[in-house]
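The values are calculated or read from the model by the stated rules, or taken from the named source; none is laboratory data. All of these numbers come straight from a predicted model, not from anything done at the bench. Cβ coordinates were reconstructed from backbone atoms using ideal geometry, including for glycine residues, and neighbour counts include every protein chain displayed. Accessible surface is based on the protein model in full, side chains and every heavy atom, while ligands, DNA and RNA are left aside. Shrake-Rupley method; radii C 1.70, N 1.55, O 1.52, S 1.80 Å.
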Amino acid sequence: MVDIIRVGILVEGTTEEIFVKKLLYDYLQPKGIYVTPIKLNGCVNIDKIAKYLNRMANKFDKVTTLVDFYGFRGKTQYETKASLEQRILKSVSEKIRHKVIPYVQMYEFEALLFSNPDILADGLGHPEFKGPAKKILESADNNPEKINNSKETAPSKRLEKVGYRKTTHGPDIAGTIGIDNMRAKCPGFNRWITELEALSQPNHKP
């Protein structure tokens, strides 16, 4: 019998909330890992994340985050994904740190959708976007998580130009691409999912 691991995922917005409910839940549930999204209200910053995680830790075996690097308030000039995740971990009470798996998506959720430019363009209803989407991915060394994070070139900003609607298109396109395909293209996302999967291993200590 597989032990049940309850994981609370602090998500940035509605798009990520639907993604967790529709895709990630079904992906991890067969492994005995049951994920529940908890949505942040308002801007994303360290203090707010810490407040939520401290509360969530009482209700779940583990807690993690799914927030974007792009738009994260209070980043320093030399901030990296790793340093930001460490700041999240250090911001919570010492008593619950063993329960916390901080994760920051580079540069934002929409980067995952560039894992398959063809599906992305078709999902948007703009097949002519396949070529441009492939060029965007190639310019980022074929790593969606390297797509620029400026106000003009962040993944979501590029997609808005072809009619992208976050809560409608985002989860649907991600579902068509599939989590395994996104893992194959996005190393940071893959490491996060790998860490969540490891929670079900017999030698794991809650």
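Go through (1) touching a Leu at 6+ places or on another chain (Cβ under 8 Å); (2) more than 23 Å from G71 (Cβ to Cβ) one by one and return the number of the condition F109 breaks.
The number of the failed condition is (2).
Anything in the range 166-206 that is modelled with pLDDT under 95 and over 29 Å from D3 (Cα atoms)? List them, or say none.
K166, T167, T168
For the range 117-188, which helices (runs of 4 or more DSSP H) that fit wholly inside it have 1 or more residues that are within 20 Å of K81 (Cβ to Cβ) and among the charged types (D, E, K, R)?
155-160, 179-185
Please tell me if T36 is out of contact with any strand residue (DSSP E or B) (no Cβ under 8 Å at 6 or more places or on another chain) and either open to solvent by 30 Å² or more (accessible area, probe 1.4 Å) or assigned to a helix (DSSP H, G or I) (or both).
So T36 fails the test.
For residues in the range 50-96 being of a type in the set (S, T, Y) and closer than 23 Å to A198 by Cα, which is most open to solvent (accessible area, probe 1.4 Å)?
Ranking the candidates gives S83 first.
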